[in-house]
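The values are calculated or read from the model by the stated rules, or taken from the named source; none is laboratory data. Fair warning: this is a prediction, and the values are worked out from it, not measured in the lab. Because the Cβ atoms are built from the backbone with ideal geometry, glycine has one as well, and the counts that use them run over all protein chains shown.
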Amino acid sequence: MKKIIYKRTNIQNRTIVLWYVLIFFSFSNCNDFLEIDDPIGQIPHEEVFMNETTATASITSLYGKLRDEVLINGNSSGMGVLMGLYADELDYYGAQGDFYENLFFHNVIASDPTVESIWAKAYNLVYMSNAALEGLENSDQFSMDFKNKLRGEALFVRGLVHFYMVNLFGDIPYPKTTDFIMNSQIHKIPVNLVYENILEDLNEAKSLLGDEYISGERIRANRWVVSALLARVYLYMGRWQDAEQESSNIIDNTTLFSLEIDLNEVFLKESRSTIFQLKPGNSGSNTEEAAIYIFDSPPPPFVALSPNLIEAMESNDLRKTEWIGEVSDGTQSWYYANKYIQQFNTGTSMEYSIVFRLAEQYLIRSEARANQNNIVGAQQDLNVIRNRAGLDNTLAITQEELQQAIVKERRFELFTEQGHRWFDIRRFGIASQILEPIKPGWSVTDILFPIPESELLINPNLAPQNSGY
Amino acid sequence: MEIKLINARSNPMEIGINKRLLLMIMRTFIFLLCTTVFSFNTETTLAQEKVTIEVDKEATIDEVFEIIIDQTKYRFLYPKDLFKGAPKVHLKKGTIRVDKLLNQTISLSRFNIVVSIDDVIIIKEKSKQQQQVSGKVVDEAGIPVPGVTVLIKGTNIGVATSFDGSYSLTVLNPENVLVFSALGFAKQEVTVGDKTVINITLKEDVSELDEVTINAGYYKVTDREKTGSISKVNGSEIENQAVNNPLETLQGRMTGVNITTTSGVPGSGINVRIRGQNSIMAGNEPLYIIDGIPFDSQSLGSSISSGGIIPRGSISSLNAINPASIESIEVLKDADATAIYGSRGANGVILITTKKGKAGKTKFSFSNNTGVAHITKKMDVLNTEQYLEMRREAFANDGITDYPFYAYDVNGTWDMNRYTDWQETLIGYTANSHKVQGSISGGSEGTRFFINGMYQNETSVFPGKFNYDRITVNTNLQHSDKQEKFKLDFNAGYTIEDNFLPGGDLSYYAIYLPPNAPELYDESGNVNWEDGTWNNPIAQFDNKYKNISNTLFTSLSLSYKLANQLDIRLNAGYGANMINDYVTSPHTAYNPAWGLTSANSMVTTNQGNKKYWTLEPQLNWEKSLGMGKLNILLGGTFQSQEFNQFGVYGIGFPTNSFIDNLSAASTIIINNEVATQYKTQSWFTRINYAFKNKFFLNITGRRDGSTRFGPSNRYGNFGALGAAYIFSDDLKIDWLNFGKIRMSYGITGNDQIGDYQYLQTYTINSQLYNENIGLQPSRLFNPEFQWEENRKKEAAIELGFMKNRLTFSFAYYNNRSSNQLINYSLPTTTGFSSILSNLDAEVENKGYEFEIKIIPLKSKDFEWTSSLNISQSRNKLLAFPNLENSTYRNIYVIGKPLSIANLYNLKGVNPQTGIFEFEDYNNDGQLTASDDRKFVADLTPKYFGGLSNFFSYKNWELDVFFQFVKKKGYNQYRVSEPVGTMANQSVDVLDRWQQPGDVADMQRYTTGSDPEAFDAYYRFVQSSGIISDASFIRLKSLTLAYTLYLGKENETSCRLLLTGQNLLTLTKFQGGDPEQMDGYLPPLTRLSFGFQLNL
């Protein structure tokens, strides 16, 4: 009896052991256990450049970044607000002690997180452009034409970013690869070399891109968009003849471009004076600019147009009434930029954030002509803008008078658009003269932002720091 | 009980009332029953005798016995009423043998029948086979010991010895084992057998260590035999503390374990560092194991939704564990203990064991606690008068006489006579908490169960109705078959947390708001914007944060004893954590001047999901070899984890009342959508050899594969060697009753980096453009990185004196972490700020751990136990190749700890100019960050520890626990604005420079428009001036309890409990609470009163 029981147990044990061993080795024999799925929300790099939609997305994302977070975005971290405060365009009414206030009072320091963020986001976009350029280069999936157009757009974005960066920081690096080892030790190059690189990128872009707007709307770069930027770049470089040439190209293309006579239509998305604008991400959304500048009741919650700007405008300037809003508490008035008026979702978007428009090209050509002593030509272009604003022809007749008149006109025409005012007073060399009396914290070295301290600490090749920081 | 004794030819005799006598007789009978052979089968005694039945008849059993007595020599002895009411027996006419007749008459299964030598047939009912045992318990000196618990093993039947050491109890059967236990004495077990008197001499407990079983994860070990470094905290120390997160209960209680809270807000994360920071960049989190199954502690929170109120959005998933459901927490520290966890053991292992059911009477327990909580410490800030004086002086210093329009505080816009204590107004409310809890446990030897349920509700210290609710359920089921071959242990816990908080923490505002800032609400109760002159912080409370978390964790352990020495076991576990949270941002939270409407209102949602399972087959073989014992464990681990995160913004609502309905939003933007997998596959082994019960050798090893590494670097090998020698057995010194030295060496790993970091991918983002998806490169990728390795060495000595009333342990450890996985900081010109890679850098953590436990007093009524632990640790960066040219040049210094700050060295305020001056290290006349931030401030704690004192007097218990930390930390100036700007300051700024010649701590006040003073202040906040001594001694917990025993044998008790947490803090630190320096809510002082009813 006992024996039988023992045997039975033994058989049970063996079965259990067998099962156990099976379970154990069913896993261990399976080398695939450590195979895992690709992460959702991520696409392997190579696959992006095997499909037209994703390859295009790698390029359109560059515009998405510009619209939402890099340099020319319309919200509070874009050039419009930041450099508007830095110049004499905007007054600051927001919370005490934050970066905007430091910017407004010219108390920027080298470790400022906003400066770091401007820098980091700009170079992240440069990396994205470079990654797209390399991905396209290495892909054999697409037609030459498709590839060229995307390449042209990436080069345009790279040039655009560096154009703003060189005007903010002076000598900067110009990365053209995704190789992180090279980029982490990259040297900064002098301003003139940066410009040469920008020109190289833009000229190549211009040669690759077509005449038509790719998607019908004026929201992706084509040859005209590149020309518009080139005109501005040449102007900043003082290459007057080239600036005039590029702006003329655009102004003369009347099939595509013409000035909107009604000031209320200039900033609509269908405006024929628009050369390039950034389309909102969500259907029905409008611009960040409208949301950030417009306020309803006094005092201003964040920023308001400087009263000096309003006072300086001629009393019959139509732009004063059409593009500027006023809020009053009965005794005092505050003003805001009212170029874009749609603060909220409108079902179908009505306004896009405009990057290049025809009026700037007239002003560029006017300035380029004035500097080449083409007084009449300069006056003509200037008067186009003045007349549209309901003003009489300019009284400026000498080159110097014209230059002053143009700076003034640019101030009234382009206020709160991507920091034009700051870049103008900077390149005209009149920043000190204008800001010294009104900003107690102003010093001459504020003409450049500091290179972010964290960057300098990590990459000594970026030394020296800009003076004054 | 009455006994019926029937003699031949005599009437039944009634035995008297004297119970003592009766008992004696009973005992004698029982004795007889046990000693006499159950010999009814021995036919020789009864067989020869026959009785004759004359006619068929019905007779009672008693009548049958009368017949037998009449016709034979036999007599009967049995309790009088034994057969009362029994059915009558049918007797047939004829002759029948006595044994057969008895067989017919009474059931042998119910009764024992014994024939004594003198022909008395003794009958006893089997089910009443009780046995009375009595005896006396004395100590080694022969003195009676009162209060000794005498328990029938496996039941809760028992008694306590009386003042003369005697006891008496009834046992159920002879196989019962009596357990004699008393505090301070070694437990003794005696099998009852046939004994009725069991006298015991208790030995004083010289080696309590033997009995303390330590959970080492894959195996258990006694404190005496352990070769590794394992600290243990018992449930009794945890359950009484009035905190939410079980990790908080460990603060200061364990050597080498440094625990800090990130914020006083419920649900916030907890930082745990076991023996310092090993990894420069990868995670330094320990591995958590709950009931044998790894519990992923990584937060499911998203900083986008919860970052405003919970520091870094890091929500501790350990909040799901109810401290009262914990049986014990063990922390594994050295290589010997942690190497079996291989790739994840580098930062230590925290083992949480939940409560289990115990066999015996079903026990019910119910408790109810009510408490209050308040912030620990406020910062001393300027009052209105001092503040306005500061502001006016600042304007005067800057030469500004006309106060600008925006200087609302001093130019008359705001009432200059107002004063608000903003700390009181914004974070100074009293939070109320309420907790009810119930548990049922019990079962038989074979199957035991435990169920615990808890509901908790807690309000916040913020103004407004915010609360944290938690429901937890914990269950345990254990089963073993009769032979104890098959065993099952199942644990399941489920927790629902509902956390409702303001969208942002106002602690920063509470300090820096000007004391004369306007009212929070206007007369009609609306948020007061004071004509848009300030950002009313209370508007932040319109931003609501709501978090619902569900946590399930289960574990099942099945084991089967194949043979005496061989066990197989399968551990399996499944867990799921879910978080759904959102933060609302209604338009009303913004200054109405923006003209916003509900079309601008926004909700940010986040869903985090984690599911994981684990399967661990194991084989355990135990064999005696000569004078030793060998134990071999083999096992494998297969683990898989899936993580999903989904974040959405909803913008624009018809009205704000729909703001928490995402479907009502006019625009929905998907912010992030992430799904990742993580798998590990491992084999492990442990070989343990104990020789003569005094030499111990322990070898552990593990081979681990993890999907966090590229295909070519997936596997790593880890292992350790530990040894211990109990030398006291050989020394035989009277006063030293225990002495052990132990040592260990081994390698563990760390894979705490994100998933998929080795892949080059594009991430899909929400930045749609022209209806095409947004795509951006995910990272700079590196397919080559590998495990981080941690080599740990330890040597320790453990001593016990005076019969272990004084125990002492001392450990030295040295851990070196190499092949560092670094998120190597890069200049952003690379497009990103870092890349993940291995670096041949080495980090050393070494230190001493010291523990002393003493029982100064122990008597019948009074006991005092005291223990002290101190950990001293040094963290050092030993090597960092090419540090000078690396991105870390100005962050780390070779030979210094990792957590340092490189700062300007503040020389003080120049008495002439009134401006801060700093040391110009390279004497170039300029202060540059790279060259002159050379002051190294060490922010690692120098030492820390705890002092615990436990007193009990009769039914009273008092537990007083102090925590202490010696460290330096950032003071109140770190996040401050220049003194004189529109922000309040600590009262320390009153010692300022006012005129040439003044010697002061604070430079001259400035409104910010004096560039020189402004720049100097910004250097000051990056200088040694922001470092202060932040050491503290804190009355961490205090418990006063009174237990009221009720009912028979004290089975029912009611325990009244008064507990406090963070009651008192002694510190020189001026910047508020020394533990909370990030501008978040400081830890809370808690006081709670409750009762616990045990039935």
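Can you find even one residue in the range B:937-953 that is in a strand (DSSP E or B) and among the β-branched types (Val, Ile, Thr)? I'd like the intermediate steps shown before the answer.
Residues of the range B:937-953 in a strand (DSSP E or B): B:937-938, B:943-953.
Within this subset, residues satisfying the condition of being among the β-branched types (Val, Ile, Thr) are none.
Looking for residues that are in a strand (DSSP E or B) and among the β-branched types (Val, Ile, Thr), one finds none in the range B:937-953, hence no.
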Quiz item: Would the range A:140-148 turn up any residue that is more than 9 Å from chain B (Cβ to nearest Cβ) and either among the basic types (Lys, Arg) or under 30 Å from B:Pro978 (Cα atoms) (or both)?
Solution: yes
Practice problem: Filter the range B:891-927 down to residues that are over 38 Å from the mean Cα position of the chain (by Cα) and closer than 30 Å to B:Val989 by Cβ, then give me how many there are. | Solution: 21
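On the given criteria, is B:Ser744 part of a strand (DSSP E or B) and within 12 Å of chain A (Cβ to nearest Cβ)?
Numbers: part of a strand (DSSP E or B): yes; within 12 Å of chain A (Cβ to nearest Cβ): no.
The answer is no for B:Ser744.
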Practice problem: Starting from the range A:112-127, take each residue that is facing another protein chain (nearest Cβ under 9 Å) and closer than 19 Å to A:Gly170 by Cβ and list its partners that are among the polar types (S, T, N, Q) and in a loop (DSSP other than H, G, I, E, B), counting only C-beta distances under 7 angstrom and pairs at least six apart or across chains. | Solution: A:Ala120/B:Ser833
Exercise. Working only within the range B:246-267, note down all residues that are touching a strand residue (DSSP E or B) at 6+ places or on another chain (Cβ under 6 Å) and either free of Cβ contacts under 8 Å to residues at least 40 places away in the same chain or in a loop (DSSP other than H, G, I, E, B) (or both).
Key: B:Gln251, B:Gly252, B:Arg253, B:Met254, B:Thr255, B:Gly256, B:Ile259, B:Thr262, B:Gly264, B:Pro266, B:Gly267
Exercise. Of all residues in the range B:286-307, count the ones that are on the phi > 0 side of the Ramachandran plot and surrounded by fewer than 23 Cβ atoms within 10 Å (Cβ to Cβ).
Key: 1
Quiz item: Which of the strands (runs of 3 or more DSSP E) contained wholly in the range A:268-343 include at least 2 residues that are within 14 Å of chain B (Cβ to nearest Cβ), touching a residue at least 24 places away in the same chain (Cβ under 8 Å) and within 19 Å of A:Asp68 (Cα to Cα)?
Solution: A:274-278
Quiz item: Within the range B:385-396, is there a residue that is of a type in the set (A, V, I, L, M), out of contact with any Asp or Glu (no Cβ under 7 Å at 6 or more places or on another chain) and part of a loop (DSSP other than H, G, I, E, B)?
Solution: no
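State whether the residues of the range B:679-692 include one that is more than 14 Å from every other protein chain (Cβ to nearest Cβ), in contact with a helix residue (DSSP H, G or I) (Cβ under 9 Å, 6 or more places away or on another chain) and not in a helix (DSSP H, G or I). Steps first, please.
Just the residues of the range B:679-692 that are more than 14 Å from every other protein chain (Cβ to nearest Cβ), to begin with: B:686-692.
Keeping just the survivors that are in contact with a helix residue (DSSP H, G or I) (Cβ under 9 Å, 6 or more places away or on another chain) gives B:686, B:692.
When the remaining residues are screened for being not in a helix (DSSP H, G or I), the result is B:686, B:692.
For the range B:679-692, residues more than 14 Å from every other protein chain (Cβ to nearest Cβ), in contact with a helix residue (DSSP H, G or I) (Cβ under 9 Å, 6 or more places away or on another chain) and not in a helix (DSSP H, G or I): present.
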Exercise. Filter the range A:373-414 for residues that are surrounded by fewer than 17 Cβ atoms within 10 Å (Cβ to Cβ) and in a loop (DSSP other than H, G, I, E, B) and give the result.
Key: A:Asn373, A:Gly390, A:Asp392, A:Asn393, A:Leu395, A:Ile397, A:Thr398
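Evaluate the range B:1032-1050: report whether one residue or more is without any contact (Cβ under 8 Å) to a residue 40 or more places away in the chain and either in contact with a strand residue (DSSP E or B) (Cβ under 7 Å, 6 or more places away or on another chain) or surrounded by 21 or more Cβ atoms within 10 Å (Cβ to Cβ) (or both).
Kept after step one, since they are without any contact (Cβ under 8 Å) to a residue 40 or more places away in the chain, are these residues of the range B:1032-1050: B:1046-1048, B:1050.
Next, only the ones that are either in contact with a strand residue (DSSP E or B) (Cβ under 7 Å, 6 or more places away or on another chain) or surrounded by 21 or more Cβ atoms within 10 Å (Cβ to Cβ) (or both) stay: B:1046.
The answer is yes; a qualifying residue exists.
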Practice problem: Could you grab me the full set of residues in the range B:824-883 that are under 30 Å from A:Ile118 (Cβ atoms), of a type in the set (Phe, Trp, Tyr) and assigned to a strand (DSSP E or B)? | Solution: B:Tyr824
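Being modelled with pLDDT of 95 or more and farther than 27 Å from A:Leu168 by Cα narrows it down to one of A:Ser207, A:Ser247, so name that one. Steps first, please.
Working: A:Ser247 fails: farther than 27 Å from A:Leu168 by Cα.
The match here is A:Ser207.
Being of a type outside the set (A, V, I, L, M), in contact (Cβ under 8 Å) with a residue 12 or more places away in the chain, out of contact with any helix residue (DSSP H, G or I) (no Cβ under 9 Å at 6 or more places or on another chain) and within 14 Å of chain A (Cβ to nearest Cβ) is true for just one of B:Arg779, B:Arg805, B:Arg816. Which residue is that?
Working: B:Arg805 fails: within 14 Å of chain A (Cβ to nearest Cβ); B:Arg816 fails: within 14 Å of chain A (Cβ to nearest Cβ).
Being of a type outside the set (A, V, I, L, M), in contact (Cβ under 8 Å) with a residue 12 or more places away in the chain, out of contact with any helix residue (DSSP H, G or I) (no Cβ under 9 Å at 6 or more places or on another chain) and within 14 Å of chain A (Cβ to nearest Cβ) holds for just one of B:Arg779, B:Arg805, B:Arg816, which is B:Arg779.
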Practice problem: Among the residues of the range B:884-907, write down those that are in contact with a helix residue (DSSP H, G or I) (Cβ under 9 Å, 6 or more places away or on another chain), of a type in the set (A, V, I, L, M, F, W, C) and farther than 18 Å from B:Ile835 by Cα. | Solution: B:Val893, B:Ile894, B:Ala901, B:Leu903, B:Leu906
Quiz prompt | Flag if A:Ala368 is touching a residue at least 60 places away in the same chain (Cβ under 8 Å), part of a helix (DSSP H, G or I), over 28 Å from A:Thr287 (Cα atoms) and under 27 Å from the mean Cα position of the chain (by Cα) | solution = yes
Self-check item: Residues located in the range A:196-227, provided they are buried (at least 23 other Cβ atoms within 10 Å of the Cβ), touching a residue at least 60 places away in the same chain (Cβ under 8 Å) and farther than 18 Å from A:Glu270 by Cα
Solution: A:Leu209, A:Val226
Quiz item: In the range B:821-876, which residues are more than 30 Å from B:Ser343 (Cβ to Cβ), surrounded by 17 or more Cβ atoms within 10 Å (Cβ to Cβ) and either within 14 Å of chain A (Cβ to nearest Cβ) or of a type in the set (D, E, K, R) (or both)?
Solution: B:Pro827, B:Thr828, B:Thr829, B:Gly831, B:Lys853, B:Glu863
Quiz item: Does the range B:79-111 hold any residues that are more than 16 Å from B:Glu63 (Cα to Cα), at pLDDT 80 or above and part of a loop (DSSP other than H, G, I, E, B), and which are they?
Solution: none
Practice problem: State whether the residues of the range A:78-88 include one that is hydroxyl-bearing (Ser, Thr, Tyr), surrounded by 23 or more Cβ atoms within 10 Å (Cβ to Cβ) and within 8 Å of another protein chain (Cβ to nearest Cβ). | Solution: no
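Of the residues B:Tyr74, B:Tyr167, B:Tyr78, only one is under 19 Å from B:Phe185 (Cβ atoms), hydroxyl-bearing (Ser, Thr, Tyr) and surrounded by 13 or more Cβ atoms within 10 Å (Cβ to Cβ); which? Talk me through it step by step, then tell me what you get.
Values: B:Tyr74 fails: under 19 Å from B:Phe185 (Cβ atoms); B:Tyr78 fails: under 19 Å from B:Phe185 (Cβ atoms).
Just a single option satisfies the conditions, and that option is B:Tyr167.
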Exercise. State the number of residues belonging to the range B:501-549 that are of a type in the set (A, V, I, L, M, F, W, C) and touching a strand residue (DSSP E or B) at 6+ places or on another chain (Cβ under 8 Å).
Key: 8
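Please tell me if B:Ile855 is under 30 Å from B:Pro144 (Cβ atoms) and modelled with pLDDT under 95.
On the way: under 30 Å from B:Pro144 (Cβ atoms): yes; modelled with pLDDT under 95: yes.
When the stated conditions are applied, B:Ile855 passes them.
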Self-check item: Selection within the range B:570-593 - in contact with an Asp or Glu (Cβ under 8 Å, 6 or more places away or on another chain) and within 13 Å of another protein chain (Cβ to nearest Cβ)
Solution: B:Leu570, B:Asn571, B:Ala572, B:Ala589, B:Pro592, B:Ala593
Self-check item: Inter-residue pairs, beta-carbon under 7 Å, first on the phi > 0 side of the Ramachandran plot and in the range B:450-477, second outside any strand (DSSP E or B), 6+ apart
Solution: B:Gly464/B:Phe541
Exercise. Give the range B:286-303 a look and list any residue that's modelled with pLDDT of 85 or more and not in a loop (DSSP other than H, G, I, E, B), or say none.
Key: B:Leu287, B:Tyr288, B:Ile289, B:Ile290, B:Ile293, B:Pro294, B:Phe295
